[in-house]
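Accompanying notes for the structure given below.
The values are calculated or read from the model by the stated rules, or taken from the named source; none is laboratory data. Just so you know, these numbers come straight off a predicted model, no measurement behind them. Note that each Cβ is placed from the backbone with ideal geometry, even for glycine, and that neighbours are counted across all protein chains shown. The protein model used for the area step is the full one, side chains on, heavy atoms only, and it has no ligands, DNA or RNA in it. Shrake-Rupley method; radii C 1.70, N 1.55, O 1.52, S 1.80 Å.
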Amino acid sequence: MAKKKSYICICLGVDDPIKDVPVKTIFGMDFQCVLQRSGLTESDIWDEIIPSSRRMLWNAKIHPILHHSSSKGDGSHVDLTYLNWIHELYTQNDIDLKSSSGLKHWKSLRKLSISEIRENVDASAEALHRRSIPSGKFVESRLSEISEILMNRKHEPCNFDFVF
């Protein structure tokens, strides 16, 4: 029987300080605003044994464990629909997210903190997995496509996403 693969999805704002106390931002937004709009409480995010003076994003259990599952047909996927509630935080400023299906899904998932992830990660397996991702071929093909458009002065849309 094949081993079921699990993944951790870490979602933070670029400028979220992970070791600052008290937490001021989460997902790039004001922390208190996120709590108010989502109906989450600090006990939804931290274990009760962590005192308020030590609560930071580093030990916040906000990163869900996701499982690779088969879908109908040939493929397989990881269900990322729980991210919808975070997207709604940005796009729908005036609505209450307490009844969001994405938030309900996120709450139902087992979550880990960054500190727990760091303690349990197999660094060598992670490095092997990252090396197996064929990013070089993807980048080469995107660069060839963009180069063709630019060098031949074609009047075509040119998407620079994922070109590094």
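Within segment 1-48, count every residue that is in contact (Cβ under 8 Å) with a residue 60 or more places away in the chain, farther than 15 Å from residue 97 by Cα and either in a strand (DSSP E or B) or touching a strand residue (DSSP E or B) at 6+ places or on another chain (Cβ under 8 Å) (or both).
Adding up the residues that qualify gives 8.
Give the residues of segment 50-80 that are open to solvent by 70 Å² or more (accessible area, probe 1.4 Å) and either among the polar types (S, T, N, Q) or at pLDDT 80 or above (or both), sorted by residue number.
Answer for segment 50-80, where residues must be open to solvent by 70 Å² or more (accessible area, probe 1.4 Å) and either among the polar types (S, T, N, Q) or at pLDDT 80 or above (or both): 52, 53, 54, 67, 70, 80.
Can you tell me which residues in segment 107-122 are in a helix (DSSP H, G or I), modelled with pLDDT of 85 or more and out of contact with any Phe, Trp or Tyr (no Cβ under 6 Å at 6 or more places or on another chain)?
Selection gives 107, 108, 116, 117, 118, 119.
Within segment 135-144, does at least one residue satisfy the condition of being modelled with pLDDT of 80 or more, more than 18 Å from residue 8 (Cβ to Cβ) and open to solvent by 70 Å² or more (accessible area, probe 1.4 Å)?
For segment 135-144, residues modelled with pLDDT of 80 or more, more than 18 Å from residue 8 (Cβ to Cβ) and open to solvent by 70 Å² or more (accessible area, probe 1.4 Å): absent.
Suppose we filter 15, 30 for residues that are touching a Gly at 6+ places or on another chain (Cβ under 9 Å), of a type in the set (Asp, Glu) and open to solvent by 60 Å² or more (accessible area, probe 1.4 Å); which single one remains?
15 is the lone residue from the list that is touching a Gly at 6+ places or on another chain (Cβ under 9 Å), of a type in the set (Asp, Glu) and open to solvent by 60 Å² or more (accessible area, probe 1.4 Å).
For a quick check of your reading of the model, give me the residue pairs whose first member lies in segment 85-105 and is closer than 17 Å to residue 11 by Cα and at pLDDT 80 or above, whose second is not in a helix (DSSP H, G or I) and not small (Gly, Ala, Ser), with beta-carbon atoms closer than 7 Å and at least 6 apart or on different chains.
These pairs meet every condition: 85/97; 86/11; 86/27; 88/97; 89/27; 89/29; 89/97; 103/97.
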